[in-house]
Amino acid sequence: MDTMLLAVYVTVRLTLSELGARAREEAGEGVISTAIAVLITALLGAAMWAAFNGIFARTTERVGTAVDGLGTDGERGSGTVSMLFGVAAFLSLLFLAVQVLVHLYATSVVSAAAFDAARLASGAAATGADAARAHGLGLLDFSGSVQAFEVRVGADAVTVHVAADSPALLPSVVSRALNSAAIDRTVTLRRERPR
């Protein structure tokens, strides 16, 4: 009786310490993804500011020249045309930056849901494939559609495969060219068993 009680105690302690170690290892995953997204946004913003600062400086100079030459027919409307091109370029870069950030967010959410479902299905107190799948689908709160969410529980490992469409702000041709139309993640974890 004492030997069996000791074995149960040791098993419980080992399982709890492994779960705690795993939680500490994965504590910063979401923070890193967010930091990368913020850094990309800052770099794109700085590049857009530098580009548009130059465009507006040249536009101001041209407008000044055009105002000085009022009355001549050759320069009429050139400021309006260049301004329209500048605004179109700005909006294009803005939508591109937002699409990249939305895709990064969606990829991070899909990866986290797949990992969390695999973690639940592989734990010592495994919840089962259906419960893990339901939990993972509950975590997918972005507006993209989920094509597949498969949880395969094997003897030694659990594999979760998730395929989803990324939310798109740009036309699908542009999203496919950026390789941001689809998200496909597979997570494999070793099953935990008490020894």
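The values are calculated or read from the model by the stated rules, or taken from the named source; none is laboratory data. Being a predicted model, the structure only gives us computed values, none of them experimental. Every residue, glycine among them, receives a Cβ derived from its backbone with ideal geometry; neighbour counts consider all protein chains shown.
Some points to look at:
- Selection status of V38, surrounded by fewer than 10 Cβ atoms within 10 Å (Cβ to Cβ), under 19 Å from the mean Cα position of the chain (by Cα), modelled with pLDDT under 85 and β-branched (V, I, T): no
Quick grid of which residues meet (1) at pLDDT 85 or above; (2) part of a helix (DSSP H, G or I); (3) loosely packed, with under 14 Cβ neighbours inside 10 Å; (4) not aliphatic (A, V, I, L, M):
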site	(1), (2), (3), (4)
L44	yes, yes, no, no
A47	yes, yes, yes, no
F56	no, yes, yes, yes
V63	no, yes, no, no
G86	yes, yes, no, yes
F90	yes, yes, no, yes
L93	yes, yes, no, no
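- Test: S172 is over 26 Å from L43 (Cα atoms), surrounded by fewer than 16 Cβ atoms within 10 Å (Cβ to Cβ) and of a type in the set (S, T, N, Q): no
- Residues that are under 18 Å from the mean Cα position of the chain (by Cα) and outside any helix (DSSP H, G or I) were ranked within region 126-147; the one that is farthest from T188 (Cα to Cα) is S143.
- Among the conditions (1) part of a helix (DSSP H, G or I); (2) at pLDDT below 85, D73 misses just one, which is (1).
- Hits in region 175-195 (condition: modelled with pLDDT of 85 or more and either among the small types (G, A, S) or more than 14 Å from the chain's Cα centre (by Cα) (or both)): T186, V187, T188, L189, R190
- Members of region 143-167 that are under 30 Å from L96 (Cβ atoms) and either in contact with a strand residue (DSSP E or B) (Cβ under 7 Å, 6 or more places away or on another chain) or buried (at least 19 other Cβ atoms within 10 Å of the Cβ) (or both): G144, S145, V146, Q147, A148, F149, H161, V162, A163, A164, D165, S166
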